[in-house]
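The values are calculated or read from the model by the stated rules, or taken from the named source; none is laboratory data. What you see is a predicted model, and the numbers here were worked out from it, not measured in a lab. Here the Cβ positions follow ideal geometry from the backbone for every residue, glycine too, while neighbour counts run over all protein chains shown.
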Amino acid sequence: MSSPTQPERPRLPWDPPEHFEKRIPDGDSRERLVCGRCEFIHYQNPKVVAGAVITWKDKILMARRAIEPRKGFWTLPAGYMELGETTEQAAQREAKEEACADIEIDRLLAMYSVARIGQVQIMYRARLLNENIAAGIESEEVALVDWNDIPWDQLAFPTMVWALAHFHETRDRKDFSTFSNPTGDLAKMWPPRKPQGL
């Protein structure tokens with residue numbers, strides 16, 4: 001008895017045009033989407049996320065997410081870069097969008113590679129220019145949180161744990177090397193939790 005055929009999935013807006021095919025272009029070593037008409041190669045590359053650990057009088061600005069993924073969990077203001085902006089501008093824009101916050105970038109804190117989801121996350125240290133914050137459209141609420149009150153087990157992503165740990169290590173220093181993906185226990189922060197020794 002033959003099994004019924006499954007209906008084809010409808011085309012979605014992000015699907016490549018039908019005349020694109022997956023193959024390895026000449027001189028390349030990876031399978032890419034290539035136009036069968038003109039040989040144009042549609043490269044699919046990692047997304048860049050920019051954000052910041054933002055402080056005001058020793059408190060840290062945090063936002064509770066109003067959108068998926070991880071809706072209802074706490075995060076540092078961060079999000080995808082837009083075309084035509086620098087990483088610093090993206091971090092400032094995300095702070096404004098998520099927490100209605102005006103910030104001044106201090107310096108680069110860390111750059112994390114999250115290969116499993118195709119992201120590069122760039123995190124800065126920054127300061128609030130004033131105490132005026134409010135939940136933006138992507139946030140359920142925002143708060144200025146004392147270090148001892150950080151909701152570690154309610155953080156949205158492991159990279160937020162990393163950024164907070166790296167910030168803590170440098171909070172009284174003006175000169176330090178930029179951090180990258182941690183090793184050891186800090187690298188194993190899923191589910192999120194307070195790292196030992198902090």
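Inside the stretch 13-43, can you point out the residues that are closer than 18 Å to Gly118 by Cβ, modelled with pLDDT under 85, of a type outside the set (Ser, Thr, Tyr) and outside any strand (DSSP E or B)?
Residues satisfying the conditions are Trp14, Asp15, Pro16.
Scan the stretch 9-17 and tell me whether some residue there is of a type outside the set (Asp, Glu), over 26 Å from the mean Cα position of the chain (by Cα) and surrounded by 12 or more Cβ atoms within 10 Å (Cβ to Cβ).
No: the stretch 9-17 contains no residue that is of a type outside the set (Asp, Glu), over 26 Å from the mean Cα position of the chain (by Cα) and surrounded by 12 or more Cβ atoms within 10 Å (Cβ to Cβ).
May I ask you to say which residue of Asp153, Asp172 is over 17 Å from the mean Cα position of the chain (by Cα), over 27 Å from Lys96 (Cβ atoms) and in a helix (DSSP H, G or I)? Even if it seems obvious, please write down each step before you answer.
On the way: Asp172 fails: in a helix (DSSP H, G or I).
The conditions single out Asp153.
Scan the stretch 90-140 residue by residue and report those that are farther than 24 Å from Thr178 by Cα and either charged (D, E, K, R) or touching a Ser or Thr at 6+ places or on another chain (Cβ under 6 Å) (or both).
Step one: list which residues in the stretch 90-140 are farther than 24 Å from Thr178 by Cα, which gives 96-101, 130-140.
Lys96, Glu97, Glu98, Glu131, Glu138, Glu140, listed by residue number.
Could you tell me how many of the residues in the stretch 45-86 are surrounded by 11 or more Cβ atoms within 10 Å (Cβ to Cβ) and either among the small types (Gly, Ala, Ser) or touching a Gly at 6+ places or on another chain (Cβ under 9 Å) (or both)?
Residues flagged as surrounded by 11 or more Cβ atoms within 10 Å (Cβ to Cβ) and either among the small types (Gly, Ala, Ser) or touching a Gly at 6+ places or on another chain (Cβ under 9 Å) (or both) within the stretch 45-86 amount to 16.
Yes/no per residue for (1) touching a residue at least 40 places away in the same chain (Cβ under 8 Å); (2) assigned to a loop (DSSP other than H, G, I, E, B); (3) among the aromatic types (Phe, Trp, Tyr); (4) touching a Lys or Arg at 6+ places or on another chain (Cβ under 7 Å):
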residue: Ala110; (1), (2), (3), (4): yes, no, no, no
residue: Gln121; (1), (2), (3), (4): yes, no, no, no
residue: Ile133; (1), (2), (3), (4): yes, yes, no, no
residue: Thr159; (1), (2), (3), (4): yes, no, no, no
residue: Leu164; (1), (2), (3), (4): yes, no, no, no
residue: Ser177; (1), (2), (3), (4): no, yes, no, no
residue: Leu198; (1), (2), (3), (4): no, yes, no, no
